[in-house]
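The values are calculated or read from the model by the stated rules, or taken from the named source; none is laboratory data. No experiment lies behind these values; they were computed from the predicted model shown. Backbone-built Cβ (ideal geometry, glycine too); neighbour counts: all protein chains shown. To get the accessible areas, we keep the full protein, side chains included, count just its heavy atoms, and leave off ligands, DNA and RNA. Shrake-Rupley method; radii C 1.70, N 1.55, O 1.52, S 1.80 Å.
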Amino acid sequence: LLTTNPAERDIAINNHGYVSEGTAFYGIPDTVPGSYGVYRLANPSTHERIYTASTTERDQAVNFHGYINEGIAWYGPPG
């Protein structure tokens with residue numbers, strides 16, 4: 001599970017058996033010109049997650065594969 005939310009991280013560790021592997025990367029603020037959103041999608045049946053910056057991939061996962069759009073997880077840098 002990738003998250004920028006410390007409370008969500010702690011719930012995953014304390015209640016769902018996740019193990020923290022530390023910081024994987026740092027996102028940027030959405031105010032940076034040229035930044036883009038990375039969407040997080042969840043499959044309610046398998047608990048798998050997809051992370052994508054593509055609105056087409058996001059929409060196909062939701063409309064055809066049963067994923068739930070959890071919104072923008074973080075922002076990526078321009079270029």
* Cut-off of 10 Å, at most 11 other beta carbons, DSSP loop: longest stretch of the chain lacking such GluC sites (Glu not before Pro) -> 49-79
* Förster-model FRET efficiency, 22 Å R0, Asn69 and Asn15, C-beta, rounded to 0.05 -> 0.45
* When the accessible area of the chain is split by element with a 1.4 Å probe, what percent falls to carbon and sulfur? -> 51
* Starting from region 1-69, pick out the chymotrypsin sites (Phe, Trp or Tyr not before Pro) whose DSSP state is loop and whose Cβ has at most 10 other Cβ atoms within 10 Å. => Phe25, Tyr26
